[in-house]
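Chemist: One structure follows; several queries about it will come next.
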Amino acid sequence: MERKRKEMEKAKSGLRLVMEELCLCSPGDGEEEQVQVKVQEQPRSSIMDLLSVSKQLLHVLDEIGPTLLVLRQDIQQNIQRLQDLHERDSSKYSSLTAIVTEEVEQGTAKKTKSCTRAIIWLSRSISFSKCLLERLLKAPESNLEEIVEEAYSSTLKPWHGWISSAAYKVAMKLIPEREVLIAVLMGNCQDFEDLADDAKLLTYAVQPMLEEINAILAKHNLDKLKSS
């Protein structure tokens, strides 16, 4: 039974696995209407939702290789920080709002190692990935380096200081071929159109979560924090 389950998972794109982890669709479902209803029904500010998407993003980066190591390390550290906090009290720290509010009241939200900063940078990394995915499927004539540069400029670059920007400039020069990334995203899926459908549904599904996170941060004037 376990072996059969693993074989079924291998036949799905990584994007569909994310949607299933988020409980936005069950295995075999693919209707946008079903995703829309479930997005409306359940709040997206759960720490587990943020961690689920972030971990899958980490998996994709692992498959690509060392090219985007700087992004991978950042995501891994922020995931670990939130996981450690959640394990201390899973009930108290199940909500992103509760985490940010507590750190604001304690005066620690802007500190380098705060969980609020972890939330900020994970959401920005997801925004970058969402933008990258949309451009990847909409502009088949563009090479991957151009697509990554555009996605980076519109999502992460405004918040990066010179150290982070310099690290990303180096990473850009090591971007793999477009076909390599497509293959990673598809996994063992047989049809590119299925991947495109999954990508469309996933980008639609994570948007409410990103909007909620931004609203939480904006409420406390934390949405424009920059890195070094």
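Chemist: Within the range 44-220, what whole-number % of the accessible surface is contributed by carbon and sulfur, with the 1.4 Å probe and all protein chains included in the calculation? Before the final figure, lay out the partial values.
Modeler: On the way: 4500 of 8660 Å².
Heavy-atom surface of the range 44-220 belonging to carbon and sulfur, 1.4 Å probe: 52 percent.
Chemist: Collect residues whose amide H, placed 1.01 Å from N in the peptide plane, falls under 5 Å from the amide H of residue 223; neighbours closer than 5 in sequence don't count.
Modeler: 218
Chemist: Express in Å², to the nearest 10, the accessible area of residue 55 obtained by rolling a 1.4 Å probe over the protein heavy atoms while all chains stay in place.
Modeler: The value for residue 55 is about 90 Å².
Chemist: Give me the number: length gained by fully extending residue 224 to residue 170, i.e. 0.36 nm times residue separation minus the C-alpha to C-alpha distance, one decimal in nm. Don't jump to the answer; show the numbers that get you there.
Modeler: Numbers: separation 54, 0.36 × 54 = 19.44 nm, distance 2.46 nm.
Stretched out fully, the residue 224 to residue 170 stretch lengthens by 17.0 nm.
Chemist: Next up: Expressed in nm², what is the orientationally averaged projection area of the convex hull enclosing the Cα positions of the range 44-220? Present the calculation step by step, with values, prior to reporting the outcome.
Modeler: Working: hull surface 41.0 nm².
If I average the Cα hull's projected area over directions, I get 10.3 nm².
Chemist: Oh, and also: Roughly how much of residue 86 is accessible, in Å² to the nearest 10, using a 1.4 Å probe?
Modeler: 40
Chemist: May I pose another question? On a full-extension model of 0.36 nm per residue, what is the gain between residue 177 and residue 162, subtracting their alpha-carbon distance, rounded to one decimal in nm?
Modeler: Numbers: separation 15, 0.36 × 15 = 5.40 nm, distance 2.68 nm.
Net length gain for the segment: 2.7 nm.
Chemist: Next question. At 7 Å along the Cα-to-beta-carbon direction for both residue 153 and residue 80, put a label point, then send me their distance in nm to one decimal.
Modeler: A separation of 3.4 nm, rounded to one decimal place.
Chemist: Between residue 110 and residue 194, how many nm apart are label points set 7 Å from Cα along the C-beta direction?
Modeler: 5.0
The values are calculated or read from the model by the stated rules, or taken from the named source; none is laboratory data. What you are looking at is a predicted structure, and each value in this text was computed from that prediction instead of being measured. No Cβ is skipped: glycine too gets one built from the backbone with ideal geometry, and neighbour counts run over all protein chains shown. With ligands, DNA and RNA removed, areas are computed over all heavy atoms of the protein, side chains included. Shrake-Rupley method; radii C 1.70, N 1.55, O 1.52, S 1.80 Å.
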